[in-house]
Amino acid sequence: MKDISLIKHASSAPGLRLFGLGPAFKPNKGLEKLKVLFNQNTSWAQNRTIRQIKQMLANSNVIITLWKNNNLVGFGRATTDQVYRAVLWDIVVSKDLQRIGLGKVIVEELLKDKKVNSAEKVYLMTTDSKDFYTQLGFKVNINQTLMMLN
């Protein structure tokens, strides 16, 4: 993992969102690379547009990216009111680099951010990674019901 670099972006990720910045603050088509990361490694973030990704980043409080050389290999973000609730979103690691601890690095970086860890409760939703998140201390909550309005 020594060849992996972690970037903790400023709130709303202006460098990534506006200029596509990656490692060493150099432009490297970061938004396009994030779109590819989602398309190739998730079932739940397929076909997001660059415009939607920019808006998503603009409204996120904490954003983490992982890079191997100039390739975006990991991503995670959080939204929070910094008092009562924080939610982790869109945690993804490139399939060829899964199971070596990169997902854990992303989650731990999100959780140690003071905007997130100042919240009373931290939530996340997962489709098929429940075992991964329970290893990190998250618990399934049977006292609440996830409800959605589409």
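The values are calculated or read from the model by the stated rules, or taken from the named source; none is laboratory data. Since we're looking at a predicted model, the values are computed, not measured. FYI the Cβ positions are ideal-geometry reconstructions off the backbone, even for glycines, and counts take in every protein chain you see.
Among the residues here, A86 does not qualify as modelled with pLDDT of 95 or more, part of a loop (DSSP other than H, G, I, E, B) and surrounded by 15 or more Cβ atoms within 10 Å (Cβ to Cβ).
Within the range 63-83, the set of residues being buried (at least 18 other Cβ atoms within 10 Å of the Cβ) and over 28 Å from P27 (Cβ atoms) comprises T80 only.
Pick from K8, K54, K26, K68: which is within 20 Å of V107 (Cα to Cα) and more than 12 Å from the chain's Cα centre (by Cα)? Answer to the selection: K68. Checking the range 104-124 against the condition returns no match, with no residue being among the polar types (S, T, N, Q), under 22 Å from T42 (Cα atoms) and either in contact with a Lys or Arg (Cβ under 7 Å, 6 or more places away or on another chain) or surrounded by 11 or more Cβ atoms within 10 Å (Cβ to Cβ) (or both).
How about the range 33-76: which of its residues are of a type in the set (K, R), touching a residue at least 24 places away in the same chain (Cβ under 8 Å) and closer than 16 Å to S94 by Cα? Reasoning before the result, please.
Residues of the range 33-76 that are of a type in the set (K, R), as a first pass: 33, 35, 48, 51, 54, 68.
With the extra rule that they be touching a residue at least 24 places away in the same chain (Cβ under 8 Å), the set shrinks to 33, 54, 68.
Matches in the range 33-76: K33, K68.
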